[in-house]
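The values are calculated or read from the model by the stated rules, or taken from the named source; none is laboratory data. These numbers were taken from a predicted model, which means no experiment stands behind them. Glycine gets a Cβ as well: all are built from the backbone with ideal geometry, and neighbour counts include every protein chain shown. Heavy atoms of the whole protein, side chains included, go into the accessibility calculation; ligands, DNA and RNA do not. Shrake-Rupley method; radii C 1.70, N 1.55, O 1.52, S 1.80 Å.
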Amino acid sequence: GGATRGRVAVVGSGLAGVELAGVVAERLKGVADVELMASASGIMASSPAGQRDAAAKALASAGVTVREGVRATQLGPATQVGSSPPLPSAASLTLTSSVGESTEDFDIVCWAVGQRVESPDSWPFPRDSRSKKIVTDATLRVSGHARVFALGDVASATGEAAAAAAAAAADFTAAPPAAAVFPSTAQVAFQQADYAAWNLWASIGDRPLLPFKYQHLGDMMVLGKVDAAVALPVGDATIDGPIAGLLRRVTYLYRMPTNEHRVKLATNWLQQSAQFAADEGPGVLKKMGLPVPDFLTPQQR
């Protein structure tokens, strides 16, 4: 008989879990079945509706099975898996849902649930009781410390900063929902870096500090080798497919800190482009409804 297909479990249905499930399914097409364990609210619960729809469509196209309302409660050694001999990564998952509890074996388990801020307890800074993040004021200055600033995942903004976050979310339909703290994204950290640098300089010269104001610029995610989904910051507009993938690459190129970084990144992409065009070009053009040139069409022998 034919070889037994493997099983891959991706636990966590946020942006990271959905991206990972799509890429793994694309790479292991015909070799393994990919199952995404999602909460009862479905995939990417805090993302814009258009982006969720694009991701769901991409997962279905890749053959990913989304198991909504299933929660992984325990990870253990595998007892019997599909691959023979079993992979070293084989493991069992104890899964709970509205219909009860079960233990299932998988060849690979990918964990994409939650995140933890690494902020040593030895640092003498006040912490938020819930998130354990360092508490700052609206200028990103650490509470009780005149010339110490915190930003990114390690910082918990309060006061005016939290109000600014809520206002920013209210202005744009596609923005993340209003919350007591800023979302833990690179977009927030990039913007905070400029304010923190300015305010550090201003504090040294006894100049007024600027309160941080977050401007949501949309959300981007990959949906395989070629596709992406870009949620625009105005209205519930989402671009998906190869065009969104190109827009995402251009945006990342623009956001590189120096021209040297941009050149290195662009050179790397160019080095990959010839093989990519030969392997993926025909499929991309067909997806976009464009004719496939003869030089990209495999020669029949």
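Full extension of the chain between Asp121 and Ala56 gives 19.4 nm of extra length, using 0.36 nm per residue less the Cα-Cα distance.
Express in nm, to one decimal, how much length is gained between Ile204 and Arg71 on full extension, taking 0.36 nm for each residue of separation and deducting their alpha carbon distance.
Values: separation 133, 0.36 × 133 = 47.88 nm, distance 5.02 nm.
Full-extension gain reported as 42.9 nm.
Oblate is the label for the range 1-124. Its Cα gyration tensor axes, ordered a ≥ b ≥ c, give a/c of at least 1.5 and b/c at or above a/b.
Counting Lys +1, Arg +1, Asp -1, Glu -1, what net charge surrounds Ala228 among other residues with beta carbon under 9 Å of its beta carbon? After counting each charged neighbour, the total is 0. Near Cys110, the amide H atoms lying under 5 Å from its own belong to Ala9, Val10, Val11; only residues 5 or more places off or on other chains count, and H is placed 1.01 Å from N. The calculated FRET efficiency for the pair Ser184 and Glu101, based on their C-beta separation and a Förster distance of 35 Å, comes to about 0.65.
Applying the Karplus relation 6.51 cos²θ - 1.76 cosθ + 1.60 with θ = phi - 60° to the range 261-267 yields 3J(HN,Hα) values of 5, 5, 5, 5, 5, 5, 5 Hz, where x marks Gly and Pro.
Could you state how much accessible area Glu260 has, in square angstrom rounded to the nearest 10, with a 1.4 Å probe and all protein chains kept in place? Number for this one is 120 Å².
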